[in-house]
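Enquirer: Structure below; questions to follow.
The values are calculated or read from the model by the stated rules, or taken from the named source; none is laboratory data. As the structure is a prediction and not an experimental result, all values here were calculated from the model. Cβ coordinates were reconstructed from backbone atoms using ideal geometry, including for glycine residues, and neighbour counts include every protein chain displayed. Ligands, DNA and RNA are stripped out before the accessible areas are found, and what is left, the full protein with its side chains, is counted by its heavy atoms. Shrake-Rupley method; radii C 1.70, N 1.55, O 1.52, S 1.80 Å.
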Amino acid sequence: AMAATFAIFALGLLHGPASSAKLGARPSTRRTVVERAVALGGLAPAARLSALLPAAALASAYLAEPASAATAELKKVVVLGGSGFVGSRVCKQLVAHGAGVVSISRSGRPALAGTWADKVEWVSADVSDEVLVAAQMKGADAVISTLGVIFGNGAEADRANNAKPNIAAADAAAGANVPRFVYVSVSSQVGPVVSPLLGDGYFKGKADAEAEILGKFTADRSLLIKPTFIFGGDDFSLSPPRVSGAYGGIIDSLLSSAPIRAIAGIAPGFIKLALLPPVSVDEVAAAAVAGALGLKSGSVDGHDEIVAAAALVSA
């Protein structure tokens, strides 16, 4: 059971936390085989645990009105992919910090969002609409991009789908004189292990985006958030690989323990990656808020650095 659980999280590492620029793409045969293996070996115990937890309790954190917090003023923050898994939590936390929030995504307001969503301007549009995006960025204090596309479209498409929208966003933000840019990318520890299995297009696309952001904003005016696996929400899924907040929290505690960390420190490749603790979607969102506020700049790579950045806005 433990090995199966680790396998789920290792596959979860493949999911760039974002709203897809292209949806409905058919996964590659190699990815499908891997996912089915995880479904057979790992989701069963996870589903059993989830069944013991009331659905209302699992949903409460997402639906609840966020507590307000006193921080520096953010009059306007543009969130790209704001209706997605990570993006919606970013919007929610920005609202909690009194920011004016504009989300740009295809789907607009999330169906299950709580009353906090009434304070967000939901723009239903494709981020490839350069004129619209540029107009929305005027007067923004920060831009946060959660855009990304997981594996399955071939190396070239994976690279383009992760690079192009974020490069365009960085260029538009720089053109609008936006002071800060935050990008949710992927940990440097993932690519060397996962690329031989699923190709390197995804990781090259993320790297292309990071390079453009640093070129336009420099490290002191930007924040690159680089998680391994992000957990949260109420549901389990294989595409993208994801486990619920309740189950993920248990795994986070387990993998953050001293004995497991000691083993991970000397383990090779895939085993080490599978033993790295995951990070909560709420902590990723909080780190993004810290970046927008200018409380953290540069890069936060992996669980511990992201959690530390998140603490800057929750202290």
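Enquirer: Search the structure for amide H atoms under 5 Å from the amide H of Ser145, placed 1.01 Å from N in the peptide plane, and list their residues when 5 or more places away or on another chain.
Expert: When sequence neighbours closer than 5 places are left aside, the close amide H contacts are Leu80, Val182, Tyr183, Val184.
Enquirer: Got a number for carbon plus sulfur as a percent of the range 84-138's accessible area, 1.4 Å probe? Spell out each step's value before the answer.
Expert: Values: 1220 of 2300 Å².
Exposed carbon and sulfur together represent 53 percent of the surface.
Enquirer: Assuming 0.36 nm per residue, please report the length gained on full extension of the stretch Asp220 to Leu112 beyond their Cα-Cα distance.
Expert: Values: separation 108, 0.36 × 108 = 38.88 nm, distance 3.59 nm.
Stretched out fully, the Asp220 to Leu112 stretch lengthens by 35.3 nm.
Enquirer: OK, next. Enumerate the lysines that Lys204 could reach by cross-link, defined here as Cα to Cα under 28 Å, with residues fewer than 8 away along the same chain left out.
Expert: Excluding near neighbours in sequence, the set is Lys22, Lys164, Lys216, Lys226, Lys272, Lys296.
Enquirer: In nm, what is the difference between 0.36 nm times the number of residues separating Glu156 and Lys75 and their Cα-Cα distance?
Expert: In short, 25.3 nm is gained.
Enquirer: So how far, in whole Å, is the C-alpha centre of the range 265-289 from the one of the range 96-122?
Expert: Taking the Cα centre of each part, the range 265-289 and the range 96-122 sit 27 Å apart.
Enquirer: Ranked from highest to lowest mean number of other Cβ atoms within 10 Å per residue, what is the order of the peptides 108-116, 183-191?
Expert: 183-191, 108-116
Enquirer: Karplus couplings for the range 187-192 from phi (6.51 cos²θ - 1.76 cosθ + 1.60, θ = phi - 60°), rounded to Hz, Gly and Pro as x?
Expert: 4, 5, 7, 8, x, x
Enquirer: Show the residues, 5+ positions off or on another chain, whose built amide H is closer than 5 Å to the amide H of Gly294.
Expert: none
Enquirer: May I ask you to order 196-209, 82-95 by the average number of other C-beta atoms within 10 Å around their residues, highest value first?
Expert: Going from most to least packed, we get 82-95, 196-209.
Enquirer: Spelling out what I want: for every residue of the range 128-136, take phi, set θ = phi - 60°, compute 6.51 cos²θ - 1.76 cosθ + 1.60 (Karplus), and round to whole Hz; glycine and proline get x.
Expert: So the Karplus estimates, Gly and Pro as x, are 6, 6, 5, 5, 5, 4, 4, 5, 5 Hz.
Enquirer: Which trypsin sites (Lys or Arg not before Pro) in the range 130-192 sit in a loop by DSSP (not H, G, I, E or B) and have at most 15 other Cβ atoms within 10 Å of their own Cβ?
Expert: Sites meeting the loop and neighbour criteria: Lys138.
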